[in-house]
Amino acid sequence: MSECLFCAIGTGDIPADIVFSDDAIVAFRDISPQAPVHVLVIPRAHHANAAELAAADPALAAALLETTGRVARQEGIAETGYRVVTNTGEGAGQSVQHIHFHVLGGRALAWPPG
Ligand code: 5GP
Ligand code: ZN
C-alpha cells in the first residue's frame, strides 16, 4: 500500500465516503468536518500541492477545480455560497502532502480565515 494517505484513498486501499469519482479524480467527505459540507477533492495521481500540480498537469488542475463546482452543486451549497481552500506547506496547516481542495459550506464562513 502507498505510504501516502490520499494515494491510498485514490486506489481504494483506504476507504472513504466518496461523493464523486472518475478515472482521475476522487471527492470524499473529510473525516473531521469543519462545516456541514466538507469534501476533499483529490487527483488519483500524486502531486504535493497546487503549484506542483498546475506545473505538471494543468488539464488535471482545471478538472479538479471543475469538480469542486460539481461537488458544490451536488451538495446543495452552490447557491448559498462555499469556499474552496488548498493549504500549502506547514505554516498554512497542510497535513497531507498530496494536493487536495477543501470544499466547505452549509454555514456562514468567516473572512479572513485564521
Ligand atoms: P490539510 O490539513 O492538509 O489541509 O487537510 C487534510 C485534511 O484531511 C484534514 O481536514 C483532515 O481532517 C483530513 N483527513 C486526514 N486523514 C483523513 C482520512 O483518513 N480520511 C478522510 N476522509 N479525511 C482525512
Ligand atoms: Zn499521494
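Any read-out appearing in this document is the output of simple, stated calculations on the displayed coordinates, not a laboratory observation. Keep in mind that this is a model prediction, so the values were computed, not measured. Glycine gets a Cβ as well: all are built from the backbone with ideal geometry, and neighbour counts include every protein chain shown.
Please state, to two decimals, what the Cα-based radius of gyration of the range 1-78 comes to when divided by 2.2 N^0.38 Å (N = residues).
Cα Rg divided by the expected 2.2 N^0.38 Å: 1.08.
Can you tell me the orientation of helix 58-75 relative to the chain, as the angle in degrees between its alpha-carbon axis and the longest Cα principal axis, to the nearest 10?
40
What's the extension gain from GLU52 to LEU65 if we count 0.36 nm per residue and subtract their Cα-Cα distance? Don't skip to the end; give the middle numbers.
On the way: separation 13, 0.36 × 13 = 4.68 nm, distance 1.48 nm.
Gain on extension, GLU52 to LEU65, equals 3.2 nm.
Go ahead and estimate [θ] at 222 nm for the chain from helices alone: -39,500 (n - 2.57) per DSSP H run with n ≥ 4, summed, over the residue count, rounded to 500.
Mean residue ellipticity at 222 nm (helix-derived): -8500 deg cm²/dmol.
Between SER95 and GLU79, what is the label-to-label distance in nm when each label sits 7 Å out along the Cα-to-Cβ direction?
Each label point lies 7 Å from its Cα, and together they span 3.4 nm.
Could you list which residues have their amide H under 5 Å from that of VAL26, counting only those 5 or more apart in sequence or on another chain, with H placed in the peptide plane?
Residues meeting the criterion, in which the H sits 1.01 Å from N, are ILE42, ARG44.
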